[in-house]
Amino acid sequence: MKKFGRSIDTVFVLIVFSVFAISVLMVLMLGASIYRNINEISTERQNEHTALAYIWTKTRNFDQADGMSVGDFNGVSALLIDENINGTHFRTIIYNYDGWLLELFSDASLEFSLNDGVPVVPADGLHFDAIEHGLIQVTIGDMSLYLSPRSGAGCPNNES
């Protein structure tokens, strides 16, 4: 009878230990999943900030009247920056394609495809809009940047 009691005690301890081990494993898996999601969101937000900061810096260094506009580049919303360098008309095209912010600088008379731009930073959902008073609104996620074509760029505005 004593052996039977010890067997039940041993089985009970093993069951309690197994439940504890499974609980710890589930908490660790849940924690890893939460960490992964937070890391992805943080990376996405950082990429959005970087994309807006890049555009802001690019346009802030540009100072020619009537040289910045919103346009269509092969079916994609784009920021067009035109400038005359030593008598040659050049165009910088900043656009979003295939999950990336891309930039293309070239002679304005040449034709290019969406794949020809240089990837700058991962960015998805970047959009350019011409709004009243000559302002240009750059939107990515829930953040916006307002650009003034002649006087440089505005400050990023978080609309969340």
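So here's what we get for this one:
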| item | result |
| --- | --- |
| Breaking point among (1) farther than 20 Å from residue 121 by Cβ; (2) surrounded by 10 or more Cβ atoms within 10 Å (Cβ to Cβ), for residue 43 | (1) |
| Members of region 28-86 that are of a type in the set (Phe, Trp, Tyr) and under 16 Å from the mean Cα position of the chain (by Cα) | 54, 56 |
| Residue that is nearest to the chain's Cα centre (by Cα), among those in region 87-105 that are surrounded by fewer than 14 Cβ atoms within 10 Å (Cβ to Cβ) and farther than 24 Å from residue 46 by Cβ | 105 |
| Members of region 107-123 that are surrounded by 14 or more Cβ atoms within 10 Å (Cβ to Cβ) and in a strand (DSSP E or B) | 120, 121, 122 |
| Flag for residue 32 being closer than 18 Å to residue 148 by Cα and loosely packed, with under 15 Cβ neighbours inside 10 Å | no |
| Residue in region 79-90 that is of a type in the set (Gly, Ala, Ser) and modelled with pLDDT of 90 or more present | no |
| Unmet requirement for residue 48, which otherwise passes all of (1) in contact with a strand residue (DSSP E or B) (Cβ under 7 Å, 6 or more places away or on another chain); (2) farther than 17 Å from residue 121 by Cα | (2) |
| Single unsatisfied condition, residue 127 versus (1) touching a residue at least 40 places away in the same chain (Cβ under 8 Å); (2) open to solvent by less than 30 Å² (accessible area, probe 1.4 Å); (3) not hydroxyl-bearing (Ser, Thr, Tyr) | (2) |
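The values are calculated or read from the model by the stated rules, or taken from the named source; none is laboratory data. Fair warning: this is a prediction, and the values are worked out from it, not measured in the lab. Cβ atoms come from the backbone with ideal geometry, glycine included; neighbour counts cover every protein chain shown. Accessible surface is based on the protein model in full, side chains and every heavy atom, while ligands, DNA and RNA are left aside. Shrake-Rupley method; radii C 1.70, N 1.55, O 1.52, S 1.80 Å.
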